[in-house]
Number of protein chains: 2
Amino acid sequence: MAGLKRFFADGELSVGAEAVLSGDEFEHAKNVLRIAVGDEVMLLDGSGKEFSAIVSSVEKRRMVLNVVRADDGGREALTDVFLAFGYLKNADKNEFIVQKAVELGVKRIVAFSSQYSSAFMNENKLERLNKVAREAAKQCLRSVAPKVEYCSDLKSALLSVSEAKNKIFACEFQTESQTALGAITGSTALVVGSEGGFSKEEQKLSEALGFSSVTLGKRILRAETAAVALVSVAMFALGELGDGAGSEEKI
Amino acid sequence: MAGLKRFFADGELSVGAEAVLSGDEFEHAKNVLRIAVGDEVMLLDGSGKEFSAIVSSVEKRRMVLNVVRADDGGREALTDVFLAFGYLKNADKNEFIVQKAVELGVKRIVAFSSQYSSAFMNENKLERLNKVAREAAKQCLRSVAPKVEYCSDLKSALLSVSEAKNKIFACEFQTESQTALGAITGSTALVVGSEGGFSKEEQKLSEALGFSSVTLGKRILRAETAAVALVSVAMFALGELGDGAGSEEKI
């Protein structure tokens, strides 16, 4: 079903030029998938395009390929959706949020620390989340792997996604949504908290920065469930998860 | 935030009567949470009500309590949503689907085997999934733990949820949804496949039984992502995940 194996190449790609796989992508191609000279693979450079390429040589630390064809991937969401989530203590849950957000089509992901979160981020953990994002992008046939960034406070996180038209702040103690999530159109920033949720001051801060608080209902959702549910609902509303809502505008 | 510790008691409960905790619930209460004589806990009997109770004695294999008060839990979804999912090879992913479906408010869960699924179910695995459902119900403060059932073929699974008003069949190769998922009202059955997806024959079978096929869009979602995304979208449409869609009818 998935067709050609997919890899993120170094630098920008163009038809007729050489491409190089190095690092993890090289190791995975050579040692796990046993890609060899003459094999055809699909290369991605994060531009949104997909490139067919033939392996011309396999060296000790890199693989060289000839790019033969470029295609529009066609799997990217038409609408920009950004997710900012409270960084969790449990590494698996952070990876889970990133993986599912990528599958569902999110364009940018920001993990942040906030008042009630006590998890500690470092370079290695952030690189690991970026690796999860790349793997998820390949698996769901996206041609762009969203970059995962880290903000050490909520304000920076909110500012980093505040260019979006819709700014949605999921708040555990909010009982009425300030915006109709089912009726959004255009670019959308989604913010969900960590295990501890948000403080009243943090909600006020979000309001001052133009975010609307929404409730996810009366059951207590785990942080990672809230993130995935919110992304699912927003993507559906935007016509990016099936053809239900929003599709009328596009046809 | 969660208040009193929650346990599923044996049998039906009523105010003024004795209640008994045994088995896993007893072990967890006594050995993990160190609940002792005189402590107050919240008991659930699956009726949808919550019962405050005081521990009167702790025996070797059971704990006896006096039920002092009954409350309407108020966390259950107002609409019946059933989820039937293709049983997966990876135990964690099955547990993940069950856990998230319970948090999101699903009332009944059916795992099934189908043409392209090769996972093997047994009594222990099914009991494990039911335990996951109970734990998730307690964690999200639901007062009913959905029962997880198993059907060894798709037809039985479809029939087991076909009393629902809306019958939704998520199909990987479907490009246009046959029903507007965002506009559903009333009881809803959601069906998603395993890693291998469904065959054309299985889709035909679902249509013959009154199910409408829907697409979840152009990205390839993992089976467990599809399940959680579909439940999220349906719950939102039904007004059960926040107050966005559907809430007008209820107020």
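Any read-out appearing in this document is the output of simple, stated calculations on the displayed coordinates, not a laboratory observation. All values derive from a computational prediction rather than experimental measurement. Every residue, glycine as well, gets a Cβ built from its backbone with ideal geometry; the counts of neighbours run over all protein chains shown.
Phi angles across the range A:126-134 convert, under the Karplus curve 6.51 cos²θ - 1.76 cosθ + 1.60 with θ = phi - 60°, into 3J(HN,Hα) values of 5, 5, 4, 5, 5, 5, 4, 5, 5 Hz, Gly and Pro given as x. Residues whose amide H comes within less than 5 Å of that of B:Phe8, counting only those at least five positions distant or on another chain, are B:Leu44 (H built at 1.01 Å from N in the peptide plane). Per residue of peptide B:140-146, the mean number of Cβ atoms on other chains within 10 Å of the residue Cβ is 2.
Each Lys and Arg Cβ is given +1 and each Asp and Glu Cβ -1; about its Cα centre, the range B:6-72 then shows a dipole of about 280 debye.
When only Cα pairs below 8 angstrom with a gap of at least 6 residues are kept, chain B shows a relative contact order of 17 percent. Peptide A:72-83 shows a mean partner chain C-beta count of 1 within 10 Å per residue C-beta. Extent along the principal axes, Cα only, for the range B:168-217: 29, 24, 17 Å, with the longest axis given first.
Distant-in-sequence amide contacts of A:Asn166, defined by a placed amide H-H separation under 5 Å and a gap of 5 or more residues or a different chain, comprise A:Ser187, A:Thr188, A:Ala189. Of the trypsin sites (Lys or Arg not before Pro) found in the range A:1-50, those that fall in a DSSP loop while having at most 12 other beta-carbon atoms within 10 Å are A:Arg34.
Ordering B:191-197, A:201-207 by mean Cβ neighbour count within 10 Å, with the highest value first, yields B:191-197, A:201-207. Highest mean first, the peptides A:15-21, A:103-109, B:39-45 sorted by other C-beta atoms within 10 Å per residue fall in the order A:103-109, B:39-45, A:15-21. Computed from the Kirkwood radius of its Cα pairs, the Stokes-Einstein diffusion coefficient for the protein assembly as shown at 4 °C and 1.567 mPa s stands at 54 µm²/s. Evaluating 6.51 cos²θ - 1.76 cosθ + 1.60 at θ = phi - 60° for every residue in the range B:151-164, the Karplus couplings come out as 10, 7, 8, 4, 4, 4, 5, 4, 5, 5, 10, 7, 6, 5 Hz, glycine and proline recorded as x. If a/c stays under 1.5 just call it rounded; otherwise compare a/b with b/c (prolate if a/b is bigger, oblate if not). Do that for the range B:81-243, with a ≥ b ≥ c from the square roots of the Cα gyration tensor eigenvalues. Oblate is the answer for the range B:81-243, as a/c is 1.5 or above yet b/c matches or exceeds a/b. For the range A:4-121, what log10 I(q)/I(0) values come out of the Debye formula at q = 0.21, 0.22 1/Å, with one point per alpha carbon and no solvent? With no solvent term, the Cα-only Debye profile gives -1.06, -1.10.
With respect to the cross-link table entries A:Lys147/B:Lys138; A:Lys100/B:Lys138; A:Lys49/A:Lys165; B:Lys89/B:Lys147; B:Lys30/B:Lys147; A:Lys131/B:Lys165, which display a Cα-Cα separation exceeding 31 Å? Flagged as over cut-off: A:Lys147/B:Lys138; A:Lys131/B:Lys165. Among beta bridges identified by DSSP and lying wholly in the protein assembly as shown, the antiparallel ones come to about 45 percent.
Residues whose amide H falls under 5 Å from that of B:Ala84, counting only those 5 or more places apart or on a different chain, are B:Val110, B:Leu190, B:Val191, B:Val192, with hydrogens built in the peptide plane. In this structure, B:Lys155 and A:Ala36 have a Cβ-Cβ separation that, at R0 = 45 Å, corresponds to a calculated FRET efficiency of about 0.50.
The mean sequence separation of alpha-carbon pairs under 8 Å and at least six residues apart, normalised by the residue count of the range B:40-125, gives a relative contact order of 22 percent.
Build a GNM of chain B with springs between Cα atoms under 10 Å apart, and of B:Ile35, B:Ile97, B:Ile168 the one that fluctuates most is B:Ile35. Calculate, for B:Thr179 and A:Glu176, the FRET efficiency according to 1/(1 + (r/R0)^6) with r their C-beta to C-beta distance and R0 25 Å; round to the nearest 0.05. After rounding to 0.05, the efficiency reads 0.30. Once the C-beta distance of B:Glu12 and A:Asn90 is scaled by a Förster radius of 30 Å, the resulting FRET efficiency is 0.25 to the nearest 0.05. To the nearest ten degrees, helix A:223-237 and the longest principal axis of the Cα atoms of chain A are 80 degrees apart. For chain A, the longest principal axis of the Cα atoms and the long axis of helix A:91-103 meet at an angle of about 70 degrees.
In sequence order, the range B:112-123 has phi-based couplings of 9, 9, 9, 3, 9, 9, 10, 7, 10, 9, 9, 4 Hz under the Karplus curve 6.51 cos²θ - 1.76 cosθ + 1.60, θ = phi - 60°, and Gly or Pro positions carry x. Net charge within 15 Å of B:Gly210 by Cβ-Cβ distance, Lys/Arg positive one each and Asp/Glu negative one each, not counting B:Gly210 itself? Neighbour charge sum, excluding B:Gly210 itself: +1.
Mean partner shielding of peptide A:178-185, defined as the number of other chain Cβ atoms within 10 Å of each residue Cβ, is 3. Residues considered: A:Leu88, A:Leu78, A:Leu129. Largest GNM mean-square fluctuation over chain A, using C-alpha springs under 10 Å, is found at A:Leu78.
Extending 7 Å from the Cα toward the beta-carbon at both B:Arg61 and A:Glu127 defines two label points whose distance is 5.5 nm. Estimated at 0.36 nm per residue, the fully extended path between B:Val68 and B:Ser199 surpasses their Cα-Cα distance by 41.8 nm. Under the combined filter of DSSP loop state and at most 12 neighbouring Cβ atoms within 10 Å, the range A:102-139 retains these chymotrypsin sites (Phe, Trp or Tyr not before Pro): A:Phe120. With all pairs of separate Cα atoms included, the range A:17-84 yields a Kirkwood hydrodynamic radius of 13.1 Å.
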